[in-house]
Amino acid sequence: MSDFRPRSNSEILDAAFEIYRRHFTVFIAINVLAAVPWAISSYFGQTAVLLQQTDGLFTSALIRFAGVLISPFTEGAIACAASAAYLGNQVDFEQSMRAAFSHPGRLFIAMMTKWILMIFGLVLFIAPGLVIFKRYFALPMTVLFEDNKVGDAMSRSRELAKGNGTRIFALLGGVFLFVLIATGILLQLVQAFAHSAAATAVATLVLTTAISPFSGIVTTLLYYDIRIRREGYDIELMAQALGAPQLHSAS
């Protein structure tokens, strides 16, 4: 893509859709790693409810927890793939996964901290959870692209979010709600026509794999857009600084 300029929200959405369309198979391959545990968990959960099996519910919860543990890395890999596309580099599954695991401890702790704080804030009061969502929207990027430790990455994300709350809520909140509602409606339709937990699990896998990556692409483009608007880097230097070596195209 390599079109470094400030973009409106609609232009970011258009660019995200174009990136997703061009590199659909890479994003699907990454996201299926996170979607498989959710689909299997859905199967065990529905089967346990139908058969009234407590053990099945426990198994479902355990598999879903495993999916949560994988999610920081698939989210990071999607950000890396979107970044490579934005910077005009080769978009590759293996390179994106390798980049996501370049700082596994930092990324895992940072994302888990964000999710725990956000859930805690939403459970007690809705507003604090939304504030956490805004402040730490850029955590995968500030860990992976800027080589920050956990505390510095969280501070950096807060810095980027400052003064951009409206854009973050309008763009990312809108995409999140769209993905949530679209997935929910489609799953309800599947469940209405499917006659087995297995069919529902397969539908969950397909829908989650296909729809979810878009929000990660949008988030990555918003991160770059805020940096361009706020920091005014020389574009070539910015690309060199943000395009981690593992994201570069092979010569």
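See the values below:
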quantity: Residue that is surrounded by the fewest Cβ atoms within 10 Å (Cβ to Cβ), among those in the stretch 78-96 that are of a type in the set (S, T, N, Q) and in a loop (DSSP other than H, G, I, E, B); calculated: 90
quantity: Of the criteria (1) touching a Lys or Arg at 6+ places or on another chain (Cβ under 6 Å); (2) modelled with pLDDT of 90 or more, which one residue 6 fails; calculated: (2)
quantity: Selected residue [more than 22 Å from residue 18 (Cα to Cα), at pLDDT below 95 and in contact with a Leu (Cβ under 7 Å, 6 or more places away or on another chain)] from 103, 195; calculated: 103
quantity: Unmet requirement for residue 59, which otherwise passes all of (1) in contact (Cβ under 8 Å) with a residue 60 or more places away in the chain; (2) surrounded by fewer than 20 Cβ atoms within 10 Å (Cβ to Cβ); (3) farther than 21 Å from residue 18 by Cα; calculated: (1)
quantity: Test: residue in the stretch 225-235 that is at pLDDT 80 or above, among the hydrophobic types (A, V, I, L, M, F, W, C) and surrounded by 15 or more Cβ atoms within 10 Å (Cβ to Cβ); calculated: yes
quantity: Test: residue in the stretch 10-24 that is modelled with pLDDT of 75 or more, crowded, with 18+ Cβ neighbours inside 10 Å and closer than 18 Å to residue 101 by Cβ; calculated: no
quantity: Test: residue 249 is modelled with pLDDT under 85 and of a type outside the set (A, V, I, L, M, F, W, C); calculated: yes
quantity: First in the stretch 125-145 and polar (S, T, N, Q), second anywhere and crowded, with 20+ Cβ neighbours inside 10 Å and part of a helix (DSSP H, G or I), Cβ under 6 Å, 6 or more apart; calculated: 142/153; 142/157
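Matching residues to (1) more than 21 Å from residue 215 (Cβ to Cβ); (2) part of a loop (DSSP other than H, G, I, E, B):
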| position | (1), (2) |
| --- | --- |
| 98 | yes, no |
| 109 | yes, no |
| 112 | no, no |
| 120 | yes, no |
| 137 | no, yes |
| 147 | yes, yes |
| 152 | yes, no |
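The values are calculated or read from the model by the stated rules, or taken from the named source; none is laboratory data. Note that the structure is predicted; figures quoted are calculated from it, not measured. Don't worry about glycine lacking a Cβ; one is built from the backbone with ideal geometry, like all the others, and counts go over all protein chains shown.
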